[in-house]
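Taken together, the values in this text are just the output of simple stated rules run on the coordinates, not laboratory data. Owing to the predicted nature of the structure, the values given are computational and were not obtained by experimental measurement. No Cβ is skipped: glycine too gets one built from the backbone with ideal geometry, and neighbour counts run over all protein chains shown.
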């Protein structure tokens with residue numbers, strides 16, 4: 001009997017999956033299981049997403065007419081600042097890494113958990129505490145410096161709750177660093193036998209590159225905020241020109257982090273898309289090696305371009321030149337990735353399931369946003385459009401059109417694995433298409449408004465911009481519906497959804513070889529890897545027609 | 001191998017792997033600390049480049065004896081910490097040596113903080129705190145001291161965390177709550193401690209030595 | 001039992017000697033840096049302080065932290081921190097210095 005068991009011919013005795021292994025609140029709040037921590041993060045970032053969304057709803061309502069009147073200018077400033085701070089640090093940055101990264105990383109490499117499980121739980125508690133401090137800043141009256149905390153306004157002139165907001169962001173930064181250290185160590189040391197570096201799924205490579213940025217860039221943000229706090233709270237001069245300080249120094253420190261931060265937001269999204277497209281095109285990814293090199297290049301070069309946020313801040317012409325040149329260069333690896341995703345579709349057997357709709361949406365919207373970035377890298381153009389809605393449209397195309405689309409794509413792709421349930425596909429398709437339309441309706445007009453001169457962060461504007469603002473605000477309403485719909489049907493699926501099998505999509509990857517939902521220790525048998533990723537078709541074929549035989553966990557060690 | 005199973009934690013199956021991960025993890029964290037303090041050093045550098053005279057004048061007001069003694073204290077604490085860490089790794093049953101060296105490290109760390117306390121008191125008496133009652137003539141000299149308080153404060157926080165970690169190891173080792181030989185926590189704590197020392201090695205010439213030659 | 005004791009005592013003595021020598025070097029460098037600070041050598045004075053600091057830090061990192069003996073992955077992690085810090089310094093100073101030169 002034991003021989004038969006070891007040969008995989010008898011069913012294992014039943015054991016609970018990770019969701020049912022302990023049902024008390026305490027078991028959730030003291031868990032060190034990366035899958036449960038991923039869910040804790042998912043709940044937290046969803047709450048923050050809707051908080052940030054509520055803030056911007058008020059803003060877009062105000063902008064419906066040129067002279068608004070719904071909000072005072074002070075309140076308006078506080079609302080867009082809160083929107084930026086919450087969305088960047090408490091939604092986007094943790095979104096894919098801390099939910100999907102946490103859940104999937106050990107599964108994808110065949111490990112039982114992350115390298116430092118208790119550190120993982122600590123990351124979550126730190127995020128929650130930091131979020132509480134930041135929300136306190138809002139409730140106590142808000143902060144009006146914008147998410148960028150520029151000096152000397154934030155240190156010397158603002159009458160809002162800069163300290164609380166800066167402290168909240170400072171804290172969440174350490175959560176980020178802890179996660180980064182955890183992921184890097186896990187990928188280096190906990191890969192299953194046979195899982196060599198170039199057999200890793202691209203999502204794992206994306207998380208790896210992202211973690212390096214998290215570890216190296218975030219400390220500089222921490223210092224920039226610490227200095228603002230010290231100056232404001234203790235009156236210690238750092239950025240005060242009257243006492244010898246240099247306000248532009250703040251911008252150097254802030255953007256040294258905040259530019260790589262946008263790559264923390266986009267690289268995991270690229271990783272998600274690289275998992276979805278091969279599955280629904282039934283093809284290997286085109287140019288796997290270059291996809292890896294491109295991600296490493298983006299992570300590396302991303303550290304050299306921060307000055308492009310400072311072209312009109314008083315930075316020297318010499319430095320401007322260097323940063324502009326490097327900002328053009330960094331477009332190249334992203335372009336390589338877009339070409340490779342497209343090439344992966346060629347001669348594939350494409351099906352348009354909802355995850356694929358989000359992934360394809362990502363490719364289009366990211367490309368548009370990325371191209372607009374090249375305009376911004378050119379100094380003469382930047383001088384014209386800086387601090388206008390052109391910039392707002394640019395970064396929303398990438399962060400929302402790109403990262404948020406990918407986040408939703410990944411949510412749909414891995415939902416069956418995480419919950420063991422299938423969501424209703426027609427609703428999901430509808431939401432995806434609605435999101436894509438709503439998104440373009442919201443942000444495409446902003447490119448035009450910005451180019452024509454409408455400044456950002458203004459709560460009133462000349463009447464000639466109204467048409468663009470009306471389109472944008474209406475689009476935002478559509479987008480809001482599109483974001484609420486998944487909340488509805490995912491919740492429905494938890495109670496009434498069809499049970500999902502181990503591998504409903506016929507996807508490759510170790511996470512699909514275990515049960516849906518997985519057991520607490522991830523795999524019933526230690527996986528061994530003997531082939532590369534994306535093994536969707538035999539060599540010589542252009543695409544797979546049938547679902548591939550997934551890699552089965554082999555013999556017990 | 002069986003002596004080390006008491007130290008084995010989830011998700012590790014092999015102690016050697018756990019040790020590898022711990023060492024690697026702390027070095028990655030130290031890389032982040034290099035950027036943390038490095039950003040402070042950059043702030044100092046930019047401010048000094050833009051205010052050379054003021055920094056020289058202000059630097060002369062620091063107490064070089066407190067600074068030098070503290071540097072010597074911290075360097076010695078690195079010696080005792082290195083001894084403890086290497087003795088543990090040697091796996092030779094050097095229990096008393098390890099415990100004494102850990103205790104000495106913590107004591108030297110505390111001594112540093114005590115000296116710093118005296119120094120801070122003197123600085124406050126000399127009105128070297130930026131603000132309306134600042135004691136020196138030029139307003140730009142306040143910038144040096146703004147940085148002084150921040151940088152030494154942040155360093156002291158890191159040192160305190162280190163002291164707590166070392167005291168914990170000493171107590172747990174003394175009370176036999178875990179074995180000392182081959183204990184990866186001692187090595188990890190040691191690496192952190194040495195970093196705090198290295199930070200001070202760089203802070204010393206930046207804080208105490210400007211302006212001495214004029 | 002006796003041989004075990006003698007053996008571990010020898011190891012302990014070797015550790016003291018090795019680390020003690022490094023400590024002595026660090027103390028010597030500390031004295032040097034203190035002395036140099038009082039010698040007016042123009043820009044060389046602060047530069048000497050920084051250079052000696054690098055040497056001291058190098059001793060601590062290579063010998064106390066045993067980076068010289070560590071496996072390549074560890075050294076890569078250490079290098080990464082230093083390299084990106086260098087980038088932060090280089091590009092920020094490119095701006096600051098060229099602005100100062102322009103004034």
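Return the ratio Rg/(2.2 N^0.38 Å) for segment B:65-141, where Rg is computed over Cα atoms only. Don't jump to the answer; show the numbers that get you there.
Numbers: Rg = 18.7 Å, N = 77, 2.2 N^0.38 = 11.5 Å.
Rg over 2.2 N^0.38 Å, computed on Cα atoms: 1.63.
Could you work out, residue by residue across B:142-152, how many beta carbons of other chains sit within 10 Å of that residue's beta carbon, and then give the average as an integer?
Counting Cβ atoms of other protein chains within 10 Å of each residue's Cβ and averaging gives 5.
Averaged over its residues, how many other protein chain Cβ atoms are within 10 Å of peptide A:216-227's Cβ atoms?
On the way: counts 12, 4, 3, 12, 10, 3, 5, 11, 2, 0, 6, 6.
Mean partner-chain Cβ count within 10 Å for A:216-227: 6.
Under 10 Å, Cα contacts only: if you run a Gaussian network model on chain B, which one of B:194, B:155, B:133 comes out with the highest mean-square fluctuation?
B:133
Hey, could you get me the Stokes-Einstein D for segment B:36-208, Kirkwood radius over alpha-carbon pairs, 25 °C and 0.890 mPa s, rounded to whole µm² s⁻¹?
For these conditions, the coefficient is 142 µm²/s.
Is the C-alpha gyration tensor of segment C:10-85 telling us rounded, prolate or oblate? Criteria: a/c under 1.5 is rounded; beyond that, a/b larger than b/c is prolate, otherwise oblate.
Oblate shape, in that a/c is at least 1.5 and b/c is the bigger or equal ratio.
Rank C:29, C:67, C:91 by mean-square fluctuation in a GNM of chain C with C-alpha springs under 10 angstrom and give only the top-ranked residue.
C:91
On a 0 to 90 degree scale, rounded to 10, what angle separates helix C:44-59 from the longest Cα axis of chain C?
30
Could you work out the percent of alpha carbon pairs in segment A:429-557 separated by over 27 Å, rounded to a whole number?
Counting every Cα pair in segment A:429-557, those more than 27 Å apart make up 54 percent.
By its C-alpha gyration tensor, with a ≥ b ≥ c as the square roots of the eigenvalues, how is chain A shaped: rounded for a/c under 1.5, else prolate for a/b larger than b/c, else oblate?
It comes out prolate by the Cα gyration axes.
Determine the shape class of segment B:155-214: with a ≥ b ≥ c the square roots of the Cα gyration tensor eigenvalues, call it rounded for a/c under 1.5, and otherwise prolate if a/b is greater than b/c, oblate otherwise.
Prolate is the answer for segment B:155-214, as a/c is 1.5 or above and a/b outweighs b/c.
What do you get for the angle between helix B:141-174 and the principal long axis of chain B? Use alpha-carbon atoms, 0 to 90 degrees, nearest ten.
Around 20 degrees separate the two axes.
At q = 0.16 Å⁻¹, what log₁₀ I(q)/I(0) does a Debye calculation on the Cα points of segment A:50-180 give, no solvent, two decimals?
-0.81
Between segment A:449-466 and segment C:27-56, what is the C-alpha centre distance in whole Å?
57
Determine the relative contact order of chain A: mean sequence separation of Cα pairs under 8 Å and six or more apart, normalised by residue count, in whole percent. It would help to have the intermediate numbers written out before the result.
Values: 946 pairs, mean separation 96.0, N = 557.
Taking the mean separation of contacting Cα pairs over the length of chain A, I get 17 percent.
Would you tell me the mean number of C-beta atoms belonging to other protein chains that fall within 10 Å of each C-beta in B:77-85, as a whole number?
So the per-residue partner count for this stretch is 5.
Cα centroids of segment A:303-342 and segment A:182-227: how far apart, whole angstrom?
Distance between centres, Cα-based: 23 Å.
Which of these, C:63, C:43, C:34, has the largest mean-square fluctuation under a Gaussian network model of chain C (Cα springs below 10 Å)?
Top of the fluctuation ranking is C:43.
Do the sum for chain A: with -39,500 (n - 2.57) for every DSSP H run of n ≥ 4, divided by all residues, what is the mean residue ellipticity at 222 nm, to the nearest 500 deg cm²/dmol?
Value at 222 nm, helices only: -20500 deg cm²/dmol.
Reported to two decimal places, what Rg/Rh ratio describes segment A:210-288 when computed on Cα atoms with Rh from the Kirkwood expression?
Checking Rg against Rh, the ratio lands at 1.29.
May I ask for the distance between the Cα centers of segment A:140-175 and segment A:418-439, given as a whole number of Å?
Using only Cα atoms to place each centre, the spacing works out to 36 Å.
Could you work out how far helix A:466-496 tilts from the main Cα principal axis of chain A, as a 0 to 90 degree angle to the nearest 10?
Approximately 30 degrees, to the nearest ten.
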